[in-house]
Amino acid sequence: MKNHLYKAKKILDKNWNGKFTVPSIHLYPHQWNWDSAFIAIGYSRYDTDRAIQELKSLFDAQWKNGMLPHIVFDKNNLGKYFPEPDFWKTELSKNAPENHLTSGITQPPIHAYAVLKIYENSKDKKKVKEFLKWIYPKLVKLHRYLYLERNPDDNGLVYIIHPWESGMDNSPMWDPVLKRIDLSQVKLPDFERKDNRIVDPEQRPGDDDYKRYIYLVDIFRKNRYEDRKIFHECPFIVFDPLFNSVLAASNKALMKIADIIGENCRQAEEWYLTTSRSMRDLLYDNNRGIFYAYDYIEKKQIKVETSAGFMPLFGGVASHSQALKLLEYMNSASFCQIHEDNCFAIPNYDKTKKDFSTKNYWRGPVWININWMLYQGLKRYRFKQKAEHLEKTILELPVRFGFYEYFDSRFGRGYGTKDFSWTAALFIDLFYDYENSKKVGKNIGFFIQILRNEIVANPDGNAISIKSPDEIFFEFNMLSNLIIKKYVKNGSVDYRGIKLSPEYKLFQNIAGKLSIFDPFSLGENEKKAFLINLYNMMVIDFILKMKVKKSVREVDGFFTKIKYRLGKEKLSLKDIEQILKSFKEKDKIIVSLVRGTQSSPPLRFVSPENPLFDINGAVKDFVGSSEVLIFPEEKTVMVSELLKWYRDIFNDAGKIKQFLKEYVSDDRKREFLEKEENPELLYLPYDWYLNN
Ligand code: DGY
C-alpha cells in the first residue's frame, strides 16, 4: 500500500495550484469549501504548511457576515465550470468579499474539525498555534453566522437553502422538497451545463435537477443574498442531519481550539449542546432507527434514508440508545452488512429502495468522505467491528479501483472524476492512522511487569463447596457465555464492567475449581469448545489480575508465566494453544483465539454443541476486518502478521490463499484466490492495543 500512499500524494500535488488544491482539474477547477477541509486533513499528516495554506486561502474569501462560500473561484481558470461568478453575481451582496470571486452559498462547516486535526498531527505545535490564533475568530464568525442567520427557531438547528449546501447535491433526500418547484410554472434564466460533458451524464444529476438548482440560485441573486429575504422566498429550507452533525463536531473542536489558545469556549459548548439536543428531539425516528432531514416549510421530517442519517455518530450527537439503533440499521442489507456478498460499505442511499442507483452521484454510490466521517463516528461510539468494516472500504476502494470521486456500491468501479482530491487526502489520513496504530501497537514493547516466577491465577479460594465435574463444566460455560454476552459489544470488551460484575466473582470461584476438572474426559466437541473458551476467559482474567492498562505486552510472560490449574496440570496460554494445535481445524482455531488485542476477532462464546459454527464465525469476522486486505486488481493479499508467527500452520502463500478463500464474501476476491497461482503476500503489523 506504500506506493498508493505515494500515488495519493502525487494526486494532491497535481491538483495543488500554489495557493489551494482543486478537487479535480477538469470537473472542479476552483476551490471548494468542505473539500479543502478534507484535503487539509490529508496534508496535515505530512505537510503542515500546505494544510494551513489550504485553509488560509479559503478563509481569505470569507464573507463579511461570516458566511464561508462553497466555491472560491480561481480568476485565472474561469470558463470551464458552471455556474461561475458571472452567474452567481455575488457582487450584488453587501457582504461579499472585495478581492475574491465566490459563490453565494455555503457547505458543511467541517473546518474547525479540520483545524484541530492540523494541530494534533503537527510536530511544530508553536507554529500551528499561531495559525490557530489567526483562524479562531474566523471560525467563530462562521459559526455565529449560522446560529444568527440560519437558526430560525433559535433551537440550534441550522437550515440550508440549496442542495449544494448539503454537499449531497442530488440525494433522493431532497426530491420531495425540490418537487415543490414546478418546472412548468417557473421562469428560468438561460444556462448551459458543463459537468455532463466531462463526466458520463448517467453518473451526474439530471437536467431537471439542474433547472431547480439554478432556479434557487436565481432567487438568491434576486434577493441580493440577504438571508432573511431568502428565508421567506426560498422553497428549499431544510435541516440537514449531515450539516448539523458536522457543525456539532466542529463546535466540539472549537472548544478544544479555544482551550489551546486560551480563549473562552463557553459559546461553542452552548452551540454544541443546543444543536445536539434539537437534533435528537426533532430529526430522529425511533421506528426506523435513523435521523432524517427536516422540511422546515411543511414542518415535517423527510422520510428518506441516506447516509446523512447516520452522521450524528460523527457529531457525537446521538444518545447511546440512538447510536445502537443507527448501527443496527447501518449494518443491515440496506447499507451493506459486514460479510455481505458483493457490497461495499456504506452506500449513500438505502440500497433496498427501488430508485437506488449504484452509479449516480449521491443516489447510491460509495463516497470516501462519508465513510471516513462515519468511521470516525463509529470509533467515537466504540463500534469497533463496524468501524473496521468501513476502514477496509476506505483502504481497498482507491487501491483496487483508483482515486475516483465515488464508487460503485456493488462492483467497486470508480465513477465521476478520477484523481479526486478528497479521496486521496482521506486515504492518506486513514493510511497514517492505520499504520501508526499498528506501529504503536507493535511498539508497546517495554514491559511494565516482568514475571520471574510463574503465577497461578486460579487459586481455589472456596475449598468447602466441592462441585462435581459436570457442575463445573456447566457453570464455567454459563458464566463465560454470560460475561461475553453482557460485556462484549461489537468486539470491544468492557474490562472495567467485568471487573466490577457479580458474574466475574462467580467466574473466579468456578475457575478455582478447575483443578478438579479433567477436560480430557470430555467429548471431542466439548473439549474443543471448552479449551477455546478457557483460553479467551483466561486472557480476560489475566488482564484484570495484572491490571493491564493498554496492552498485554505490558506483562512479560503474559502468555507463558501466568497459569491456570487445570486437572493435575498447570497451564499457560501458550500451553493451551499447543493443545489446541492438535485439533484438525488448528488453522481456524489459531485465528479465532482472542488474545486481548485489537487485531483479534471479536470475542464470542464457542458453544460446546457446535463449536465449528462459532469458530467459523470468528474467522469470518477476522477475514472481513481490516486484518485481511485483498486486492485482486493488484494481485496482492495483505494479512495480519499473526499468520507469519504460525508458519508451521500457514506455511506459504498457497496455504493462506486456500484458507482465506472459504471466508471471503466477494466474488472477485474468491475468483482471484482460486485462479491466481502466485499472489504477492504482504504482512500487516499486528495491533497489540487492548481490545477495550
Ligand atoms: C457540482 O458542481 O457538482 C458541485 O457539487 C457543486 O458544488
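Among the residues making up segment 656-681, those that are farther than 21 Å from Arg410 by Cα and open to solvent by 60 Å² or more (accessible area, probe 1.4 Å) are Gln658, Lys675, Glu677, Asn678, Glu680. Look at segment 524-545: where a residue is on the phi > 0 side of the Ramachandran plot, no partner that is part of a helix (DSSP H, G or I) and open to solvent by 10 Å² or more (accessible area, probe 1.4 Å) sits 6+ places away or on another chain with Cβ atoms under 9 Å. Going residue by residue through segment 6-13, is there one that turns out to be in contact (Cβ under 8 Å) with a residue 24 or more places away in the chain and either within 16 Å of the ligand (Cβ to nearest atom) or hydroxyl-bearing (Ser, Thr, Tyr) (or both)? There is no residue in segment 6-13 that is in contact (Cβ under 8 Å) with a residue 24 or more places away in the chain and either within 16 Å of the ligand (Cβ to nearest atom) or hydroxyl-bearing (Ser, Thr, Tyr) (or both).
Pairing residues of segment 53-74 that are touching a residue at least 24 places away in the same chain (Cβ under 8 Å) and of a type in the set (Gly, Ala, Ser) with residues that are away from the ligand (no atom under 16 Å from the Cβ) and in a loop (DSSP other than H, G, I, E, B), at Cβ distances under 9 Å and at least 6 apart in sequence or on separate chains, gives Ser57/Lys19; Ala61/Pro97; Ala61/Asn99; Ala61/His100; Gly66/Asn95. The residues of segment 620-636 that are under 20 Å from Ala345 (Cα atoms) and either assigned to a loop (DSSP other than H, G, I, E, B) or open to solvent by less than 10 Å² (accessible area, probe 1.4 Å) (or both), listed by number, are Phe622, Val623, Ser625, Ser626, Glu627, Val628, Leu629, Ile630, Phe631. The combined condition, being within 30 Å of Gly416 (Cα to Cα), surrounded by fewer than 14 Cβ atoms within 10 Å (Cβ to Cβ), more than 27 Å from the chain's Cα centre (by Cα) and free of Cβ contacts under 8 Å to residues at least 40 places away in the same chain, is fulfilled by Asp190. Only one entry of Lys211, Lys252 meets the criterion of being closer than 30 Å to Ser24 by Cβ and either open to solvent by less than 70 Å² (accessible area, probe 1.4 Å) or part of a helix (DSSP H, G or I) (or both), and that entry is Lys211. For segment 31-71, how many residues are within 12 Å of the ligand (Cβ to nearest atom) and either of a type in the set (Phe, Trp, Tyr) or surrounded by 24 or more Cβ atoms within 10 Å (Cβ to Cβ) (or both)? Residues meeting the conditions: 7.
For Leu78, the conditions (1) more than 16 Å from the ligand (Cβ to nearest atom); (2) of a type in the set (A, V, I, L, M, F, W, C); (3) open to solvent by 10 Å² or more (accessible area, probe 1.4 Å) are fulfilled apart from (1).
For segment 88-117, the tally of residues that are outside any strand (DSSP E or B), within 14 Å of the ligand (Cβ to nearest atom) and of a type outside the set (Gly, Ala, Ser) stands at 5. Every listed requirement among (1) outside any helix (DSSP H, G or I); (2) buried (at least 20 other Cβ atoms within 10 Å of the Cβ); (3) within 16 Å of the ligand (Cβ to nearest atom) is met by Leu157 save one, (3).
Every residue, every condition in (1) surrounded by fewer than 23 Cβ atoms within 10 Å (Cβ to Cβ); (2) outside any helix (DSSP H, G or I); (3) at negative phi, yes or no:
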{"site": "Arg382", "(1), (2), (3)": "yes, yes, no"}
{"site": "Lys386", "(1), (2), (3)": "no, no, yes"}
{"site": "His389", "(1), (2), (3)": "no, no, yes"}
{"site": "Leu395", "(1), (2), (3)": "yes, no, yes"}
{"site": "Arg400", "(1), (2), (3)": "yes, no, yes"}
{"site": "Phe411", "(1), (2), (3)": "yes, yes, yes"}
{"site": "Lys418", "(1), (2), (3)": "yes, yes, yes"}
{"site": "Thr423", "(1), (2), (3)": "no, no, yes"}
{"site": "Leu426", "(1), (2), (3)": "no, no, yes"}
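Select from segment 323-361 the residues that are outside any loop (DSSP other than H, G, I, E, B) and of a type in the set (Ser, Thr, Tyr) and write down the one among them that is nearest to Ile290 (Cα to Cα). The residue in question is Tyr329.
The values are calculated or read from the model by the stated rules, or taken from the named source; none is laboratory data. Bear in mind the structure is a predicted one, so any value in this text is a computation, not a measurement. We place every Cβ from the backbone using ideal geometry, glycine too, and count neighbours over all the protein chains shown. Side chains are part of the model used for accessible areas, which takes the heavy atoms of the whole protein and leaves out ligands, DNA and RNA. Shrake-Rupley method; radii C 1.70, N 1.55, O 1.52, S 1.80 Å.
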